[in-house]
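Enquirer: Supplied in structure tokens, the structure appears directly below.
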Amino acid sequence: MRILVTGGAGFIGSHLVEKLLAAGHGVAILDDFNDFYDPQIKHANITGFAKDTEIYHVDLRDVASVRNVFQRQKFDAIAHLAARAGVRPSIQHPQLYHDTNVTGTLHLLEAARIAGVERFIFASSSSVYGASKTVPFSEDQRLIQTLSPYAATKIAAEFLCSTYSHLYQMRVVALRYFTVYGPRQRPDLAIHQFTRRIHAGQPIEQFGDGTTRRDYTYIDDVIQGTMAALKYDGAFFDIFNLGESETIQLKDLIAAIENALGRKAKINQLPEQPGDMPLTCANISKARNLLGYNPTTQFSDGLPRFIEWFLRSGRGR
């Protein structure tokens, strides 16, 4: 297949591009290399395979530039991973998040419709579940409230995907990723940020009392599920959770990083942040049954792998 990966220079996207190339697919990357974090990190992410792909420096908000990509190449599938990410920044910049994540997704869907693209994978988020009282979270739950503009943009984009699938018989799969971590993780995310600061002897910010829980999902497992979604031949529109179905408390995460680094954290405890979810936990039975999703990396194995990458990559210097 010829596949366009949006956000292909990012954390998850660069891993997906690598896997697709290894499987013999033709791949193009669409990424705007914005400054949400250092663009040089994104360029470094794709150094190993940049020569094997075509790279389009395109902002999804620019409808003409998005359509131009589809005029230059024909794609069999799109893996749409590009987004403005992060709960807390979305509260400061809701318009930017809406324009990129909702309007940008609409631009991509419309370009795909015009070009006759038959498969569309959308990277959604566990944040769409809000403060759901039903745990673990299941895809068939009725979602009536999100807790941040970021989460709202993801559920809105899911509905756009559903609508396009219904109207134009486009096969669309929305994947709700649960707190993905591993090599190349974004520097703003908790595991990477805590590791960097503890390693450097700098204080970390702990929001709340440390009892919030997350379903941390290792990158290899998420990529396995995403690759399976590209072959899915079930319903024309479907949603799947990709998580580990195992939760870790924030204070236990910090302790595990301390352990792995052999250094004690200096903790600056702050009030809970608006928009943060108290808990995420995925019911992955649907993905297991229909995608053959099979997460194999427990947190006790995945965290040391991340730490090893962090130290080897020189990110701590």
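Read-outs: derived from the displayed coordinates by stated rules, not from any lab. Since we're looking at a predicted model, the values are computed, not measured. Because the Cβ atoms are built from the backbone with ideal geometry, glycine has one as well, and the counts that use them run over all protein chains shown.
Enquirer: What tally of residues in segment 259-288 results from selecting those that are in contact (Cβ under 8 Å) with a residue 40 or more places away in the chain, surrounded by 15 or more Cβ atoms within 10 Å (Cβ to Cβ), outside any strand (DSSP E or B) and not small (Gly, Ala, Ser)?
Expert: 8
Enquirer: Same structure, new question: Collect the residues in segment 193-217 that are in contact with an Asp or Glu (Cβ under 7 Å, 6 or more places away or on another chain) and either exposed (fewer than 15 other Cβ atoms within 10 Å of the Cβ) or assigned to a strand (DSSP E or B) (or both), keeping them in residue-number order.
Expert: PHE207, THR217
Enquirer: If you go through segment 48-66, how many residues are farther than 30 Å from GLY314 by Cβ, among the aliphatic types (A, V, I, L, M) and surrounded by fewer than 17 Cβ atoms within 10 Å (Cβ to Cβ)?
Expert: Matching residues across segment 48-66 total 2.
Enquirer: Starting from residues that are part of a strand (DSSP E or B) and in contact with a Phe, Trp or Tyr (Cβ under 8 Å, 6 or more places away or on another chain), keep the ones in segment 1-26 and report whichever is surrounded by the fewest Cβ atoms within 10 Å (Cβ to Cβ).
Expert: My answer is ARG2.
Enquirer: Go through segment 123-177 and count every residue that is closer than 22 Å to ALA83 by Cα, of a type in the set (Phe, Trp, Tyr) and in contact with a strand residue (DSSP E or B) (Cβ under 9 Å, 6 or more places away or on another chain).
Expert: Summing the residues that are closer than 22 Å to ALA83 by Cα, of a type in the set (Phe, Trp, Tyr) and in contact with a strand residue (DSSP E or B) (Cβ under 9 Å, 6 or more places away or on another chain) in segment 123-177 gives 4.
Enquirer: Restricting attention to segment 27-47, which residues are surrounded by 24 or more Cβ atoms within 10 Å (Cβ to Cβ) and of a type in the set (Asp, Glu)?
Expert: Within segment 27-47, just ASP31 meets the criteria.
Enquirer: Which of the numbered conditions does VAL69 fail, given that it passes all the others? Conditions: (1) surrounded by fewer than 24 Cβ atoms within 10 Å (Cβ to Cβ); (2) out of contact with any His (no Cβ under 7 Å at 6 or more places or on another chain); (3) under 30 Å from LEU147 (Cα atoms).
Expert: Failing condition for VAL69: (3).
Enquirer: List every residue pair whose Cβ atoms sit under 8 Å apart, with the two residues 6 or more apart in sequence or on different chains, where the first one lies in segment 231-256 and is touching a residue at least 40 places away in the same chain (Cβ under 8 Å) and on the phi > 0 side of the Ramachandran plot and the second, anywhere, is aliphatic (A, V, I, L, M) and surrounded by fewer than 17 Cβ atoms within 10 Å (Cβ to Cβ).
Expert: Pairs that qualify, where the first residue is touching a residue at least 40 places away in the same chain (Cβ under 8 Å) and on the phi > 0 side of the Ramachandran plot and the partner is aliphatic (A, V, I, L, M) and surrounded by fewer than 17 Cβ atoms within 10 Å (Cβ to Cβ): there are none.
Enquirer: Every residue in segment 131-156 that is surrounded by 18 or more Cβ atoms within 10 Å (Cβ to Cβ), touching a Leu at 6+ places or on another chain (Cβ under 8 Å) and touching a residue at least 12 places away in the same chain (Cβ under 8 Å), please.
Expert: Correct list: ILE155 only.
Enquirer: Give all pairs with beta carbons closer than 7 Å in which a residue from segment 82-96 that is at negative phi and among the polar types (S, T, N, Q) meets a residue that is crowded, with 16+ Cβ neighbours inside 10 Å and part of a helix (DSSP H, G or I); count only pairs at least 6 apart in sequence or on separate chains.
Expert: Sorted first by the residue in segment 82-96, then by its partner, the pairs are SER90/TYR97; SER90/PRO149; SER90/TYR150.
Enquirer: Let me ask something additional. Residues of segment 157-192 being free of Cβ contacts under 8 Å to residues at least 40 places away in the same chain and either among the hydroxyl-bearing types (Ser, Thr, Tyr) or buried (at least 24 other Cβ atoms within 10 Å of the Cβ) (or both), which ones?
Expert: THR163
Enquirer: Still on this structure, I have one more. Which of the helices (runs of 4 or more DSSP H) found entirely inside segment 67-150 contain at least 1 residues meeting this: more than 24 Å from MET277 (Cα to Cα) and among the polar types (S, T, N, Q)?
Expert: 104-115
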